[in-house]
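Structure, as structure tokens:
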Amino acid sequence: MSTVSLTPIVPINQNEICGGIMSGLADMEELLSLISNKDFVEYMREANSCYNVGAYRGCIVMSYITLFDDLRLKLDELAKVNSEAKKVALEVKKRANEQEVFETYMADQLKAKGLLEEKKYQRLSMIRDLRNKAAHPSGVLATAEEARFVYRTVISEFLSEALLKTTHAVDALIERVKKSNHFPSTNINEIIEIVDADCASIHDLAVPYLVTKLLQARDSAQKTASQNAERFLVGMSGMKSNEYRSVLRKKALEPNCTDSDAAPFIGRIIAADGQLLAGLSKTNKARVCKLLTDQTKTSKVGVTTKLSHPARQISELVSSLGETVVSDSYTAFFEAVLAKYPYSPVFYNGLQDAPKLKKTLISDWLEDAGSSTFDIANAFAKALPEVDEAAKTILTPKDSFEIIVAVCRAADTGAWSAKSVQKSKFSDCPELVHSAREYAKKNKESAKKKVVSALLATNLKEFLAENLGT
């Protein structure tokens with residue numbers, strides 16, 4: 001029987017075998033240390049032993065068997081959290097149990113599901129073709145170069161890597177998250193950067209498992225682990241990824257919206273990404289609205305830029321979901337924020353593209369500014385430095401003028417804070433004054449009517465001189 005050298009169906013670049021792929025391969029034994037699953041080390045050691053005694057056919061077959069056993073284990077791990085992977089794993093198991101060939105099917109399915117890169121799929125095909133040639137007594141001889149190629153490729157490109165970013169990578173990440181200095185800063189942008197880097201090693205199909213483990217850590221009694229797990233979940237929300245968003249909505253938001261104790265957590269994740277609320281059922285929208293409304297009424301958060309602040313949360317909802325959705329499903333929450341934080345720049349600047357909600361806010365401001373109830377009028381007068389910025393964002397010149405008229409009316413009725421502001425000629429709110437002056441300059445008759453009807457002066461010039469210094 002004549003013998004010929006082995007030629008694979010998918011041609012191997014001989015320069016690649018002898019050059020790039022074989023570079024630095026002085027001792028094949030050293031490659032064994034790269035294998036991630038130590039259970040496979042002995043199998044590959046046997047493959048190496050075959051090579052050392054010239055049994056190249058045995059080296060190829062042993063390497064091939066180990067490779068597909070490794071792929072099956074990784075697929076089984078991913079099947080725990082992904083329905084598509086589970087279907088493939090079950091079919092592979094069925095074929096294996098029935099002594100049917102499953103390797104080609106599994107490789108094709110891994111590629112089809114996006115679990116195997118094109119380059120690695122091609123490598124797998126080359127190895128499979130070499131094995132098929134070498135596994136039968138056909139008289140075809142496997143060469144040393146081909147055996148080294150298979151051995152080296154199986155270890156360096158498959159056994160050494162988590163081909164499918166499975167639960168192993170997630171479990172390792174969870175352990176890191178539990179460390180006290182995993183998040184050296186509480187700044188949301190820095191948290192998002194850290195989370196983004198951490199998630200780079202996690203396959204998209206393992207994200208449900210990651211979120212599940214983070215929620216378990218968040219509910220644990222270990223304070224550091226709980227805090228960091230919640231920060232991680234908030235960071236994932238802040239990435240505003242469609243892939244993460246659907247998982248967070250299903251696993252973190254919907255199950256927790258029935259629990260009033262989860263209100264602070266829900267408030268933070270939606271402040272990071274209001275789109276998490278998109279697509280909720282009517283019932284769950286009502287649940288979330290009640291949680292946020294009740295949380296607002298009892299909130300003691302002072303810094304409005306924090307994700308836990310209701311003003312930040314409602315602004316994100318308006319920005320992400322739009323005015324119509326907020327008006328239809330989260331009116332009570334909006335009204336609660338309006339009642340408690342009416343003068344917060346974070347709140348009112350978030351309404352720039354919401355004309356109806358903005359109109360409601362400005363109407364409330366005008367009522368408060370000229371209120372006959374001193375506590376209300378004084379509170380507005382004290383907040384004028386905060387309101388001043390609104391003259392550049394949400395207030396028209398007409399709004400600015402009417403607010404100043406209302407404050408002066410409250411001052412005339414005896415509101416002492418309003419009197420103080422009037423006496424200073426509104427020195428702490430230059431933008432409001434500038435805007436009001438512009439209105440008076442361009443709309444003299446209308447401005448005069450407003451002043452006279454408020455019984456503040458008999459003419460516009462007198463009013464401007466006494467109250468705005470012009």
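Set side by side, the residues THR305, THR296, THR283 differ, and just one is surrounded by fewer than 20 Cβ atoms within 10 Å (Cβ to Cβ), part of a helix (DSSP H, G or I) and not acidic (Asp, Glu), which is THR283. Looking only at the stretch 165-197, residues that are assigned to a helix (DSSP H, G or I), at pLDDT 95 or above and closer than 17 Å to GLN216 by Cβ come to 1 in all.
Being in the same structural domain as PHE374 (by TED's automatic domain parsing), surrounded by 13 or more Cβ atoms within 10 Å (Cβ to Cβ), of a type in the set (D, E, K, R) and not in a loop (DSSP other than H, G, I, E, B) is true for just one of GLU431, GLU445. Which residue is that? Break it down stepwise before answering.
On the way: GLU445 fails: surrounded by 13 or more Cβ atoms within 10 Å (Cβ to Cβ).
Among GLU431, GLU445, only GLU431 is in the same structural domain as PHE374 (by TED's automatic domain parsing), surrounded by 13 or more Cβ atoms within 10 Å (Cβ to Cβ), of a type in the set (D, E, K, R) and not in a loop (DSSP other than H, G, I, E, B).
Would you pick out the residues in the stretch 448-470 that are farther than 15 Å from GLU402 by Cα and assigned to a helix (DSSP H, G or I)? Explain how you work it out, then say what you get.
In the first step, residues of the stretch 448-470 are kept if they are farther than 15 Å from GLU402 by Cα; the result is 458-459, 461-462, 465-466, 469-470.
The answer is LYS461, GLU462, ALA465, GLU466.
Restricting attention to the stretch 344-387, the residues that are buried (at least 21 other Cβ atoms within 10 Å of the Cβ), over 28 Å from the mean Cα position of the chain (by Cα) and of a type in the set (Phe, Trp, Tyr) add up to 2. Among the residues of the stretch 345-370, those that are closer than 27 Å to LYS419 by Cα and free of Cβ contacts under 8 Å to residues at least 40 places away in the same chain comprise LYS359, THR360, LEU361, ILE362, SER363, ASP364, TRP365, GLU367, ASP368. State yes or no: is SER420 without any contact (Cβ under 8 Å) to a residue 24 or more places away in the chain, in the same structural domain as ILE394 (by TED's automatic domain parsing) and within 52 Å of the chain's Cα centre (by Cα)? For SER420, the condition - without any contact (Cβ under 8 Å) to a residue 24 or more places away in the chain, in the same structural domain as ILE394 (by TED's automatic domain parsing) and within 52 Å of the chain's Cα centre (by Cα) - is not met.
Only one entry of SER400, SER372, SER417 meets the criterion of being of a type in the set (Ser, Thr, Tyr), closer than 19 Å to PRO342 by Cα and part of a loop (DSSP other than H, G, I, E, B), and that entry is SER372.
When the stretch 198-207 is filtered for residues that are surrounded by 19 or more Cβ atoms within 10 Å (Cβ to Cβ) and in a helix (DSSP H, G or I), the ones remaining, listed by number, are CYS199, LEU205, ALA206, VAL207.
The values are calculated or read from the model by the stated rules, or taken from the named source; none is laboratory data. None of the values given here were measured: they were computed from a predicted structure. Don't worry about glycine lacking a Cβ; one is built from the backbone with ideal geometry, like all the others, and counts go over all protein chains shown.
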